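Data block below; observations after.
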Amino acid sequence: MPSKYLNFRNSVPWLIFFLEAVFIIVFYFLSSGDAFQDVSHMVIFGLGFFLAFQKRYGFSSTGFNLLIVVLGVQWSVLLEVHLEIGIIQSCCMTAVVISSAAVLGKANPIQLIVMTIVEIAAFHLSRWTNERYLEVHISMMHVYLFGAYFGLAVSFSFSEPSPNLEKNASTPKSDLLSMLGTLFLWVFWPSFNSVLAVKKDKNTIIYNTYFALAVSAVTAFALSVMTTKDGKLRMTHIHSATLAGGVTIGYAAHSIQHPWIAMILGLLAGVITILGSHCLQRCSNPVLRIHDASGVHFTFGLPGVLGALAHVILFIIRNWTDLPSLGYPIMINVGTFCLTISVALISGFITGLILNFKLLKTTPVSKYCEDQFYWKFPHLAVGF
Amino acid sequence: MPSKYLNFRNSVPWLIFFLEAVFIIVFYFLSSGDAFQDVSHMVIFGLGFFLAFQKRYGFSSTGFNLLIVVLGVQWSVLLEVHLEIGIIQSCCMTAVVISSAAVLGKANPIQLIVMTIVEIAAFHLSRWTNERYLEVHISMMHVYLFGAYFGLAVSFSFSEPSPNLEKNASTPKSDLLSMLGTLFLWVFWPSFNSVLAVKKDKNTIIYNTYFALAVSAVTAFALSVMTTKDGKLRMTHIHSATLAGGVTIGYAAHSIQHPWIAMILGLLAGVITILGSHCLQRCSNPVLRIHDASGVHFTFGLPGVLGALAHVILFIIRNWTDLPSLGYPIMINVGTFCLTISVALISGFITGLILNFKLLKTTPVSKYCEDQFYWKFPHLAVGF
Amino acid sequence: MPSKYLNFRNSVPWLIFFLEAVFIIVFYFLSSGDAFQDVSHMVIFGLGFFLAFQKRYGFSSTGFNLLIVVLGVQWSVLLEVHLEIGIIQSCCMTAVVISSAAVLGKANPIQLIVMTIVEIAAFHLSRWTNERYLEVHISMMHVYLFGAYFGLAVSFSFSEPSPNLEKNASTPKSDLLSMLGTLFLWVFWPSFNSVLAVKKDKNTIIYNTYFALAVSAVTAFALSVMTTKDGKLRMTHIHSATLAGGVTIGYAAHSIQHPWIAMILGLLAGVITILGSHCLQRCSNPVLRIHDASGVHFTFGLPGVLGALAHVILFIIRNWTDLPSLGYPIMINVGTFCLTISVALISGFITGLILNFKLLKTTPVSKYCEDQFYWKFPHLAVGF
């Protein structure tokens, strides 16, 4: 392994410096001066700790999360200035962080950096196509869907860690830290969902998101007790299902006029997440050879699909009296959904293949989920 | 115990789903669309970690805190829409979280849910009576007083854990997590105290709360050194007394015109909390059969009483020249105070009795303060 | 040691009460009513956890941080009311917290309190001199420079802990907690840098600070891999260098018109911090007898000097065409820089001497970095 490892050592800094040089040179020819949305950064900050649940991967979860966010934001600003569109870097970074969660513990920093660069480009392509050909503006739903399915497609190319590997388990301490991140996300999710909205919709979105989050958190507790054998709660259920409501409501939040609709969506989101976590991890994931390290599929993927579906159904119900004219807008909606998912899956699959070229693949399977492969501990024997 | 435990397993989900069904159906006939105050949620988030100090109860402290907040907010919105009053759900939830702290480690989720439902109803009753008959508007002081004394009255009906039980002790790690929650609360307390105030008073309240918090934190350090045998600091003293200043100032903050008055109130709050923590836990609590799990009495109760007293005294001093006409407003103030405390104590005592019906009482005393009774650990042998 | 310890026990409370009495009496004759900046408190809160990386010093890091902040703010308000200037207490407290980081684990509470009192007075003196004689208004740069060099000068008088002492090492858990503080600071740093600025500059400052922070964080990852022997990352590098960009940009942020300049400054800040951490700790610190407990010199000191230098160079480049008239403003800039550093070094050195009078020096070197010397643990045998 030493030869491989030198490879890793020699490549990370140069990759980073090369990218920084490119960024600085390109920025030299560009110029922009807008302020960022603080609230979005809080979400990215929260996601770092949300992912810190693995026993021996806390440093990498929070550290690499910071690395890809700071690299990705610069790259995203460049792309957007070029495409002459407004500010959505933070939303874009959320998609990247969600994707990185799907390969948590398996991708090394080089792979994560390459993935960030490719994913942001693909995300902007998907967004640009949507706006150009379907005249649909990006919403938070695309962010969640794109992030989740890109990540899942990437994880397809990574070999699964050996099943008796205990390293990707959590400890009570790491679960508690992850709970900290979850509660942080929970508090800021309503504001986050409203970031891309026009001003007059913001209040409605915050209100609806809040209700959906509340009901999905409640549902998480109820279903977690029902689905475990001895009637106990599971922390991972609470983590995933608490946020599922906010993901589901992301697409339709501005158009929901009654809180009870938001509440039902939250309830469905909670149900789909908990059941998904049971079925997917037992049945479909082993068949599809997907090893979804942090439950991205049922935390962001399925609730996102549910949200897109709900958006169409709610639209049909609202315009019940004028059925014939519904065809075109529904087609557009379905088209946007299919386009986003397709671009995510295809580009994710290709990215996964690229990431597993010999050149980039330096982490042996036995070193998955292991902080010590990347980080120097001055306190090795202290009782990790 | 297995039979009892099945009881718990079968009841929690159905209770939750029944409540959610009721909420959704009632919301169907209602309609409201206001935004929430983000700052209040930060406080609720902070309280979850403030309570995470027990060695083996971190999951339950943060998890159940989330559960009662999300259920309670929905219930509170319903009640308020019915009573046609403004938004104070978050304040109301703060009272519930304070009460739940008094039975921390002893109440199971079913009991907590029932307590939340009853307490919110009682809180709104107390508020409605105050506004209807005494024409006094709710302030943060009522929130703290109501929450503390309701919780203490409830804890009266719970049997005390065996004295040699070491489980409700804290570890350095859990104390540090609790410090995180405390500092969070400390930072947001000034904004929180000003949530219910009219706009022109907000700045004064923030300023005065800040000074009171600063002085009570300083006092906590001084008195903590003086009251321990070997002159060392105690983390629990710092936790409680740091916040006491913010509680005491809650009632009178808008009417204090000089920072030095706020500072003296903060000083008294620090003193009453540290001395209270010594005297209450040694003398009065064993006599009154109250086992106050997280020091709710001296963190929120006594500073609240001090604040109510200070409010009356400051009012008298301000209107010194016109003594004869003072009788009525003072009577109103004292009446509000007594009414709030009485409703809290009576409804809390009744709630405590209800919670200890056989039907709801499923946690044996030996399982108090034990996360593993409620949560599934995939990492049992990892070294908790 | 018991005799010495009684000394500590008897002195801390009386010192605190004496100060509080003075504050309350002086406030009685004064009157002020402005609101504080919430964002600044977030930074102070974050700094407490940023410093919680020492294995056995978590209680003291967060607790004493709170103590000096709450005492210092009151003292600072007094001084400023006297000097009739606006609100910069929080900035002033940031300088104090940075200084206290330099003697982390070595100074006892009495020393910290005395240091706080003296440093705030010296800081206001430096600020007043700058404004009176050089007509330069205080900026964030002075805060970072003053805090760092005052702290280093103070640490000169403290004896170094024995080199084989393992206590000031970090554990993975404490490093992760420190990462929490770092990310918190990272998120709020852009707003913090803009606190002292006039409104029209705020957006530019936030934008530039953000870019500098992003690039310095990226650089930290690259250089950390390059400078360790086996090509691994070091958490301490990430902690320091992530923030270095925000420190460097603090002085010039309002005058930078292109993001690429901010990015280059961030890059240089990252480089200087990582190289500084290598060279200083190996070569110059042992020679100068400075034991810089938490890397204040290369986290805040050197990036601050770099920022001041950059400010002058950028100023020269901007006014290239009008070279002859540049002399006076450059002289003023250099003068401010030298004045701030000189006052910091001289007053810090004197403070260090005062702090090591027998009367104040109660912590034996063997008890450095030891929570148990100051805090009572009810859980001694639990496995710290």
**Item:** Where B meets A: accessible area buried, both sides, 1.4 Å probe, Å²
**Value:** 4600
**Asked** From the label point of B:Leu359, set 7 Å from Cα along Cα→Cβ, how far away are the matching label points in the other copies, in nm, ordered shortest to longest?
**Response** 7.0, 7.0
**Asked** List the trypsin sites (Lys or Arg not before Pro) in the stretch B:223-312 that DSSP assigns to loop (not H, G, I, E or B) and whose Cβ has at most 15 other Cβ atoms within 10 Å. Which are they?
**Response** B:Lys229, B:Arg289
**Filter on B:Lys106/C:Lys376; C:Lys173/C:Lys229; A:Lys106/A:Lys358; B:Lys202/C:Lys199 - keep pairs with C-alpha separation over 20 Å** = B:Lys106/C:Lys376; C:Lys173/C:Lys229; B:Lys202/C:Lys199
**Message:** Defining the label point at 7 Å along Cα→Cβ, can you sort the distances from B:Met331 to the same site in each other copy, shortest first, in nm?
**Reply:** 7.8, 7.8
**Descending Cα extents along the principal axes, the stretch C:197-294, whole Å** = 45, 30, 17
**Item:** Two-site FRET efficiency, B:Asn203 against A:Lys199, from Cβ-Cβ distance with R₀ of 30 Å, rounded to 0.05
**Value:** 0.70
**Message:** Quick check: with the 1.4 Å probe, what order do C:Thr116, B:Thr204 take by accessible area, largest first?
**Reply:** B:Thr204, C:Thr116
**Prompt:** In angstroms, what radius of gyration and Dmax does the stretch B:274-370 have, counting Cα atoms only?
**Reply:** 18.8, 61
**Request:** Can you pull the one-decimal nm distance between simple spin-label points at C:Ser325 and B:Ala21, each 7 Å off the Cα toward Cβ?
**Result:** 8.2
**Request:** Using the 7 Å Cα-to-Cβ label point, sort the distances from B:Ile317 to its equivalents in the other copies shortest first and give them in nm to one decimal.
**Result:** 5.9, 5.9
**Item:** the stretch C:120-236: relative contact order in percent, alpha carbon pairs under 8 Å with at least 6 residues between
**Value:** 15
**Complete:** Taking N as the residue count of the stretch B:122-269, its alpha carbon Rg divided by 2.2 N^0.38 Å gives 1.20
**Message:** Given the rotation relating A and C, tell me which residue in A puts its Cβ closest to the axis and the distance in Å.
**Reply:** A:Lys173, 4
**Message:** In the stretch A:205-221, what residues drop by 50 Å² or more of accessible area when the other protein chains are put back, versus the chain on its own? Use 1.4 Å, and skip ligands and nucleic acids.
**Reply:** A:Tyr207, A:Tyr210, A:Phe211, A:Val218, A:Phe221
**Asked** Which distance in Å, rounded to a whole number, links the C-alpha centroids of the stretch A:115-148 and the stretch C:229-256?
**Response** 32
**Item:** Candidates per GluC sites (Glu not before Pro) in the stretch C:89-190, loop by DSSP, up to 14 other Cβ within 10 Å
**Value:** C:Glu135, C:Glu166
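The values are calculated or read from the model by the stated rules, or taken from the named source; none is laboratory data. Predicted, not measured: the structure shown is a model, and the values here were computed from it. Every residue, glycine as well, gets a Cβ built from its backbone with ideal geometry; the counts of neighbours run over all protein chains shown. Ligands, DNA and RNA are excluded from the accessible area calculation, which covers all protein heavy atoms including side chains. Shrake-Rupley method; radii C 1.70, N 1.55, O 1.52, S 1.80 Å.
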